[in-house]
1. log10 I(q)/I(0), Debye, Cα-only the stretch 1-72, no solvent, q = 0.18, 0.26 Å⁻¹?
2. Please state, to two decimals, what the Cα-based radius of gyration of the stretch 104-145 comes to when divided by 2.2 N^0.38 Å (N = residues).
3. Between residue 332 and residue 126, what is the label-to-label distance in nm when each label sits 7 Å out along the Cα-to-Cβ direction?
4. Using only alpha-carbon positions, what ratio does the radius of gyration of the stretch 251-359 give when scaled by 2.2 N^0.38 Å?
5. Principal axes first, then extents: for the Cα atoms of the stretch 195-241, list largest minus smallest coordinate on each axis, whole Å, largest first.
6. Suppose R0 equals 41 Å; then what is the FRET efficiency for residue 256 and residue 302 from their Cβ-Cβ distance, rounded to the nearest 0.05?
7. Which length gain, in nm to one decimal place, applies between residue 249 and residue 351 when the Cα-Cα distance is subtracted from 0.36 nm times their residue separation?
8. Please check which bits of the stretch 243-286 a label hung off residue 223 would reach, taking the label as a point 7 Å along Cα-to-C-beta and the cut-off as backbone N under 19 Å.
Amino acid sequence: MRTILITGPGGSGRTTVAAATALAAARAGTRTLLLGADRDDTLGAALGVRTGPEPVTVEPGLTVRRPDAAEGFRDGLAALQNRAASALDLLGAARLDAEELTPLPGAEELALLRAVRDAALAEAHELLVVDLPPAPRALALLALPEELRRYLRRLLPPERQAARALRPVLGRLAGVPMPAESLYEAAARWDLELAAAEAVLADRHTVVRLVAEPGPAGADALRTARLGLALRGVRTDLLVANRVLPEDAPADSWLAGPLAQQRKALDEWQGAYDVRTVAHLGRDPRGADDLAALDAPGVNPDVTPVEWPVSDRLADDGVLVWHIPLPGAIRDDLDLVRRGDELVVTAGPFRRIVPLPSA
């Protein structure tokens, strides 16, 4: 299954482009699932139908769903309380009832990741289109599985098997309750679930499609997003220049200024991205007919994989060189720190901890 993750600066029309992309694919004969992350039904507004946690068939071949973050959060926290019962009793903590639980920041991202993972495992569709949050939140979401797995490995490392075997003895010697077996089992299950989500994001058939309006603000946001995606090793296939104004507008109209900015931005983007344009309809697109009129680009089969190759220069000066492509990075904002067998890479506002290659 191919996966297209669509994001861009806030207000760039990424939800509309995501809906138009999914609709075009479905009408071309591809079984398509469209997932949304917004709490508000922005997808439904674009498609002209109400969407929610239950899958909705918009047209033959196109299914739309918005995961319910509140329900997943309540179920997950209730299960966590049950597994950590001994630790909570030791601390004298009061249990939270399901009725008083409200989603914390990040619950929407976790619900969307779970939905992406489930869709990939189900294999009921040929194409998955995901309307991600705006670029800054989308970058944090893409980093979430890898970071959470790293935290789990640090908190419950592989050596924990010995601790599990000694848990009854340690409990008697220390005189305090020890973590229950179910907590270790839960950690292992979380690791598997996160690994499944991480595998979808790292799959060679998964790409990020950027959406932006041509202009100075869009250019700055794209430069930052491109750097964050490169640090994560995520592939991008297209840049959709959205709401492009008509070139035949009268030179003496109020459109002359915006058109000049648009041309300048598009000229700059052509050298750095594979750019496709989507015309401005003169109104907010609503319904299938408007979305079809946008003529959104379909699946791009020619996607260059992101590689971090290690080149052997042993014959020249006895070193190995690890190439990490970071387009748009500024030298003064780069930092490298080695910690054991890991490398902490900082590029601008982004940081990633990656294991050094076996070479």
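1. Here the Debye-derived log intensity ratios amount to -0.67, -1.31.
2. Dividing the Cα radius of gyration by 2.2 N^0.38 Å gives 1.21.
3. 5.2 nm
4. 1.70
5. For the stretch 195-241, the Cα spread along each principal axis is 38, 18, 12 Å.
6. With R0 = 41 Å, the Cβ-Cβ based efficiency is 0.70.
7. Computed gain between residue 249 and residue 351 is 32.3 nm.
8. Answer for this model: 261-275.
A short reminder: the numbers here are calculations on the coordinates, not readings from a lab. Keep in mind the model is a prediction, meaning the values are calculated, not measured. Quick reminder, even Gly has a Cβ in these numbers, built from the backbone with ideal geometry, and neighbours come from all protein chains shown.
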